[in-house]
1. Which one of these does Leu20 not meet: (1) touching a Cys at 6+ places or on another chain (Cβ under 9 Å); (2) closer than 18 Å to Asn114 by Cβ?
2. Just wondering, is there one or more residues in segment 41-60 that are of a type in the set (A, V, I, L, M), in contact with an Asp or Glu (Cβ under 8 Å, 6 or more places away or on another chain) and within 16 Å of Val112 (Cβ to Cβ)?
3. Suppose we filter segment 19-72 for residues that are open to solvent by 30 Å² or more (accessible area, probe 1.4 Å), closer than 22 Å to Lys86 by Cβ, of a type in the set (D, E, K, R) and not in a loop (DSSP other than H, G, I, E, B); how many remain?
4. Could you count how many residues in segment 86-114 are within 23 Å of Gly15 (Cβ to Cβ), crowded, with 20+ Cβ neighbours inside 10 Å and of a type in the set (Ser, Thr, Tyr)?
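The values are calculated or read from the model by the stated rules, or taken from the named source; none is laboratory data. What you are looking at is a predicted structure, and each value in this text was computed from that prediction instead of being measured. Virtual Cβ from ideal backbone geometry, glycine too; neighbours counted across all protein chains shown. All accessible areas refer to the heavy atoms of the entire protein, side chains included, with ligands and DNA or RNA removed. Shrake-Rupley method; radii C 1.70, N 1.55, O 1.52, S 1.80 Å.
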Amino acid sequence: QRQPVESGGGLVETGGSLTLSCVMPENLRRITVMGWYRQAPGQQRELVARLLSDISTHYSDSVKGRFTISVDNGNNMLLLQLNILKADDTGIYYCNTQPAMYTWGQGTQVTVSN
């Protein structure tokens, strides 16, 4: 199965920061639209950040101004910088294409404590 591998999550206090990383199953230059998704406890998975052709970004209203999606082409990794974290940001974060084409990976857990 071809699936992304996410890392970088952890436990952080409100207002803190984290950087999430994702290794995709293929060269990022071959992927047109990539995204980071979040599944909060008891909720469905939702798209929170999207990157189109390494140029255009889109964020959900809940993370706009605080999260930044980018690529590290040298390491073939998709990144998500999380700043000013809130308790509502708690969840499992996944990366995939948009729409999702790969089997979902394990994700990386982000827990924000008050």
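1. If we test Leu20 against (1) touching a Cys at 6+ places or on another chain (Cβ under 9 Å); (2) closer than 18 Å to Asn114 by Cβ, just (2) comes out false.
2. First, pick out the residues of segment 41-60 that are of a type in the set (A, V, I, L, M): 47-49, 51-52, 55.
Then drop every residue that is not in contact with an Asp or Glu (Cβ under 8 Å, 6 or more places away or on another chain), which leaves none.
Checked against the condition, which is being of a type in the set (A, V, I, L, M), in contact with an Asp or Glu (Cβ under 8 Å, 6 or more places away or on another chain) and within 16 Å of Val112 (Cβ to Cβ), segment 41-60 yields no hits at all.
3. 2
4. Of the residues in segment 86-114, 2 are within 23 Å of Gly15 (Cβ to Cβ), crowded, with 20+ Cβ neighbours inside 10 Å and of a type in the set (Ser, Thr, Tyr).
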